[in-house]
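Let me begin by presenting the structure, written as C-alpha coordinates, before commenting on it.
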Amino acid sequence: MSKQNIIKLLKKYRKSSSQERQDNFRAFEEKMIYRTTKTENPTTTRKMVQKVISKSK
(Lines give C-alpha, C1' and ligand atoms only; values in the text may rest on other atoms or scores of the structure.)
Protein backbone atom coordinates (compact mmCIF):
# COMPACT_ATOMS: atom_id res chain seq x y z
CA MET A 1 0.00 0.00 0.00
CA SER A 2 1.43 3.35 -0.98
CA LYS A 3 1.84 6.30 1.36
CA GLN A 4 -0.86 8.20 -0.53
CA ASN A 5 -3.38 5.42 0.02
CA ILE A 6 -2.55 5.22 3.71
CA ILE A 7 -2.94 8.97 4.15
CA LYS A 8 -6.23 8.89 2.23
CA LEU A 9 -7.57 6.08 4.44
CA LEU A 10 -6.51 7.83 7.64
CA LYS A 11 -8.23 11.06 6.58
CA LYS A 12 -11.37 9.10 5.76
CA TYR A 13 -11.22 7.42 9.16
CA ARG A 14 -10.86 10.75 10.97
CA LYS A 15 -13.91 12.15 9.20
CA SER A 16 -16.06 9.10 9.97
CA SER A 17 -18.66 9.03 12.73
CA SER A 18 -18.02 7.38 16.06
CA GLN A 19 -20.32 4.47 15.10
CA GLU A 20 -18.33 3.81 11.93
CA ARG A 21 -15.10 3.93 13.95
CA GLN A 22 -16.46 1.36 16.39
CA ASP A 23 -17.55 -0.88 13.53
CA ASN A 24 -14.11 -0.64 11.95
CA PHE A 25 -12.43 -1.46 15.26
CA ARG A 26 -14.68 -4.48 15.83
CA ALA A 27 -13.87 -5.84 12.37
CA PHE A 28 -10.16 -5.25 12.97
CA GLU A 29 -10.34 -6.89 16.39
CA GLU A 30 -12.04 -9.97 14.95
CA LYS A 31 -9.40 -10.31 12.24
CA MET A 32 -6.54 -10.01 14.73
CA ILE A 33 -8.06 -12.55 17.10
CA TYR A 34 -8.57 -14.94 14.20
CA ARG A 35 -4.98 -14.52 13.00
CA THR A 36 -3.41 -15.08 16.41
CA THR A 37 -5.54 -18.09 17.27
CA LYS A 38 -5.08 -19.56 13.81
CA THR A 39 -1.32 -19.71 14.30
CA GLU A 40 -1.75 -21.43 17.67
CA ASN A 41 -4.59 -23.71 16.60
CA PRO A 42 -4.93 -24.32 12.82
CA THR A 43 -8.44 -25.80 13.19
CA THR A 44 -9.87 -22.44 14.32
CA THR A 45 -12.55 -20.94 12.06
CA ARG A 46 -13.93 -17.42 11.80
CA LYS A 47 -17.30 -18.69 13.00
CA MET A 48 -15.66 -19.93 16.21
CA VAL A 49 -14.06 -16.53 16.78
CA GLN A 50 -17.38 -14.75 16.19
CA LYS A 51 -19.12 -16.99 18.75
CA VAL A 52 -16.50 -16.25 21.39
CA ILE A 53 -16.64 -12.51 20.74
CA SER A 54 -20.44 -12.47 20.91
CA LYS A 55 -20.36 -14.32 24.24
CA SER A 56 -17.90 -11.84 25.72
CA LYS A 57 -20.09 -8.81 24.98
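The values are calculated or read from the model by the stated rules, or taken from the named source; none is laboratory data. The model shown is predicted, which means the values in this text are computed figures rather than measured ones. FYI the Cβ positions are ideal-geometry reconstructions off the backbone, even for glycines, and counts take in every protein chain you see. These accessible areas exclude ligands, DNA and RNA; they are computed on the full protein's heavy atoms, side chains included. Shrake-Rupley method; radii C 1.70, N 1.55, O 1.52, S 1.80 Å.
Computed about its Cα centre, the charge dipole of the range 1-53 is approximately 300 debye, with only Lys, Arg, Asp and Glu carrying charge at their Cβ.
Using equal-weight Cα scatterers in the Debye expression, the normalised intensity of the chain in log10 at q = 0.12, 0.23, 0.26 Å⁻¹ is -0.41, -0.89, -0.97. The local environment of Thr39, defined by Cβ-Cβ distances under 15 Å, has a net charge of +3 under the rule Lys, Arg +1 and Asp, Glu -1. By the helix-only formula, in which each DSSP H run with n ≥ 4 contributes -39500 (n - 2.57) and the sum is divided by residues, the chain has a 222 nm mean residue ellipticity of -27000 deg cm²/dmol. Along the axis of the charge dipole computed for the chain (Cβ charges of +1 for Lys and Arg, -1 for Asp and Glu, origin at the Cα centre), the listed residues Thr44, Ser54, Phe28 are led at the positive end by Phe28.
Against the criterion of solvent-accessible heavy-atom surface with a 1.4 angstrom probe, Thr43, Thr36 sort, most first, into Thr43, Thr36.
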